[in-house]
Each structure stands twice: as structure tokens, then as C-alpha cells.
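Engineer: Have a look at this one before I ask anything.
The values are calculated or read from the model by the stated rules, or taken from the named source; none is laboratory data. Bear in mind the structure is a predicted one, so any value in this text is a computation, not a measurement. Please note: Cβ atoms are built from the backbone with ideal geometry, for glycine as well, and neighbour counts cover all protein chains shown. Just so you know, the surface numbers come from the protein's heavy atoms only, side chains and all, with ligands and any DNA or RNA stripped out. Shrake-Rupley method; radii C 1.70, N 1.55, O 1.52, S 1.80 Å.
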Amino acid sequence: MARDPAFVLRYLAEVEELAEDVLAARQQIVDLDVKRNRNREALRALQKDPESDDQEELDEEINNLRKDLRVKVNRLYEAQGKPELKGFNLNPMSAEEMKLINRILEG
């Protein structure tokens, strides 16, 4: 069964656009993470509070981009007819949650 060439081209263009969105978001996360690490190093060198406003803004922006990346990857998989990634919507535990788990495991 031959498919309409126009349909195939639209499909491939859509998949390529979604893939480019995913790659761009990943690169932006990497770039911001590098900037955040440089900021952290500079703050330590200056012996200031590592939780400055700039650092918090970078953390928030990176977290927002990671959330958006999950949506973009799911759209890309959906467009490709692949099943949704399992475990991709998991969030890391907070420091407080880790402390509680360590207490339980030690006790």
C-alpha cells in the first residue's frame, strides 16, 4: 500500500521539527548547567552564600526546561508511533526526602 508522498513529507517534516526541539532543549539545559556550575564555583571562590538569586533563577530555569523536555520527547515518540517512555516522568527526591530515607535505612 503506497502512501501519498505529500503525507510522507509532512510526517517526516513534523518528526524532524519535534526532534530538533528536543535537541535544542537538551543543548539549552547543558549550556545553562555549565553556567550554573561556573556560578557555583565563583560563589565558593568569593565565599558567599551559594544560594544567590542568580543561582536560584538558573536552577528554576533548568528545572522548567527539563519538564518541557519531557513533553517534547513524548510528542516526538507519539509522532513516531513509539510508546511513551516508562519512568521518564519521574522526579528526583528532595534533600529532605533523602534524609528521611537514610534515617529509615540506618534505624
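Engineer: Of the residues that make up region 21-34, is at least one at pLDDT below 90 and either part of a helix (DSSP H, G or I) or in contact with a Gly (Cβ under 7 Å, 6 or more places away or on another chain) (or both)? Working first, answer last.
Structural biologist: Taking region 21-34 first, the residues at pLDDT below 90 are none.
Looking through region 21-34, none of the residues is at pLDDT below 90 and either part of a helix (DSSP H, G or I) or in contact with a Gly (Cβ under 7 Å, 6 or more places away or on another chain) (or both).
Engineer: Among the numbered conditions (1) within 21 Å of residue 19 (Cβ to Cβ); (2) assigned to a helix (DSSP H, G or I); (3) among the charged types (D, E, K, R); (4) at pLDDT below 85, tell me where residue 84 comes up short.
Structural biologist: Failing condition for residue 84: (2).
Engineer: Yes or no: residue 9 at pLDDT below 95, more than 16 Å from the chain's Cα centre (by Cα), surrounded by fewer than 13 Cβ atoms within 10 Å (Cβ to Cβ) and closer than 30 Å to residue 78 by Cα?
Structural biologist: Values: at pLDDT below 95: yes; more than 16 Å from the chain's Cα centre (by Cα): yes; surrounded by fewer than 13 Cβ atoms within 10 Å (Cβ to Cβ): yes; closer than 30 Å to residue 78 by Cα: yes.
In short, yes.
Engineer: What do you reckon, is residue 79 in contact (Cβ under 8 Å) with a residue 60 or more places away in the chain and surrounded by 11 or more Cβ atoms within 10 Å (Cβ to Cβ)?
Structural biologist: On the way: in contact (Cβ under 8 Å) with a residue 60 or more places away in the chain: yes; surrounded by 11 or more Cβ atoms within 10 Å (Cβ to Cβ): yes.
So residue 79 fits the description; yes.
Engineer: Separate question: Cβ-Cβ under 6 Å, sequence separation 6+ or interchain: first residue in region 58-71 and closer than 14 Å to residue 31 by Cα and surrounded by 14 or more Cβ atoms within 10 Å (Cβ to Cβ), partner among the basic types (Lys, Arg) and modelled with pLDDT of 85 or more. Which pairs?
Structural biologist: 58/36
Engineer: Using the structure shown, decide if residue 95 is open to solvent by less than 60 Å² (accessible area, probe 1.4 Å), among the small types (Gly, Ala, Ser) and over 17 Å from the mean Cα position of the chain (by Cα).
Structural biologist: no
Engineer: Quick one: in region 18-44, which of the residues that are surrounded by fewer than 14 Cβ atoms within 10 Å (Cβ to Cβ) and polar (S, T, N, Q) is nearest to residue 66 (Cα to Cα)?
Structural biologist: Among those that are surrounded by fewer than 14 Cβ atoms within 10 Å (Cβ to Cβ) and polar (S, T, N, Q), it is 27.
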